[in-house]
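Enquirer: Sharing a structure here in structure tokens format.
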Amino acid sequence: MKYAATYLDRYFDSIEEYGSKVELMTLAKTGGAAMSESAWIRGIGELMNWQAMSERSGVWTYYESVNPQAAETTVLWLESLDGSEGFALYAQGLNRYEDQILMEQIDHWIEEHRTDIDNATKRALLMHKKWFYEELDV
């Protein structure tokens with residue numbers, strides 16, 4: 001099933017809003033599962049989870065439960081982005097969720113760079129906007 005352009009437009013037109021990003025990612029994950037999920041879909045989803053879990057209960061909860069394959073895909077995806085140097089901290093936390101000092105440093109970095117994370121998510125979704133309109137089929 002293809003989504004109507006007007007439906008997708010609603011979320012791309014309000015992409016600054018967190019809820020619009022979540023809805024687009026829900027559509028991407030649904031469509032991506034049917035088409036064997038792309039690295040960008042997994043990367044954006046993990047980046048959003050990383051930020052959200054940090055804000056809700058501490059980033060250690062993300063690292064404690066992250067799927068190692070998803071984390072590896074995310075690291076590679078983040079490395080492929082222009083201007084992603086700041087996200088090197090993402091990889092540093094892998095398998096180190098018991099290191100309280102590091103987890104606090106990552107939580108602080110996420111808090112201080114919330115806008116950077118939101119902008120990276122937005123840019124990535126916009127880079128794949130054509131995919132939503134032309135290839136997404138659930």
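Enquirer: With loop defined by DSSP as not H, G, I, E or B, and exposure as at most 16 other Cβ atoms within 10 Å, which is the longest segment of the chain clear of exposed trypsin sites (Lys or Arg not before Pro)?
Expert: Excluding the exposed sites themselves, the longest stretch runs over 3-95.
Enquirer: Once Rh for region 5-134 is found with the Kirkwood sum over Cα pairs, what is the Stokes-Einstein diffusion coefficient at 10 °C and 1.306 mPa s, in µm²/s?
Expert: 105 µm²/s
Enquirer: Note the full-extension length gain between Gln92 and Lys130 as 0.36 nm times their separation in residues minus their Cα-Cα distance, in nm to one decimal.
Expert: Taking Gln92 through Lys130 to full extension adds about 10.4 nm, to one decimal.
Enquirer: Could you work out the helix-only [θ] at 222 nm for the chain, with each DSSP H run of four or more residues adding -39,500 (n - 2.57) and the total divided by the number of residues, to the nearest 500 deg cm²/dmol? Each step should come with its number before you reach the end.
Expert: Numbers: 9 runs with 103 residues, N = 138.
Result for the chain, helices only: -23000 deg cm²/dmol.
Enquirer: Can you tell me the length gained on complete extension of the stretch Asn67 to Lys29, counting 0.36 nm per residue apart and subtracting the Cα distance?
Expert: Here the segment from Asn67 to Lys29 would lengthen by 12.1 nm.
Enquirer: By how many nm would the segment from Thr115 to Arg56 grow when fully extended, if each residue of separation counts as 0.36 nm and the alpha-carbon distance is taken off?
Expert: Computed gain between Thr115 and Arg56 is 19.6 nm.
Enquirer: Now, a different point. Loop sites only, by DSSP: take the GluC sites (Glu not before Pro) in the chain that have at most 14 other C-beta atoms within 10 Å and name the longest stretch containing none of them.
Expert: It runs 18-97.
Enquirer: Now for a separate question. If a helix is a whole DSSP H run, which ones in the chain reach 27 Å or further along their own axis (Cα) and hold a mean Kyte-Doolittle hydropathy of at least -1.0?
Expert: none
Enquirer: About the Cα centre, and with charges only on the beta carbon of Lys, Arg (+1) and Asp, Glu (-1), how big is the dipole of region 5-134? Nearest 20 debye, please.
Expert: Using only the charged Cβ atoms, the result is roughly 500 debye.
Throughout, read-outs are computed from the coordinates displayed, never taken from laboratory work. Quick caveat: nothing in here was measured; it's all calculated off a predicted structure. Neighbour counts run over all protein chains shown; Cβ positions are idealised from the backbone, glycine included.
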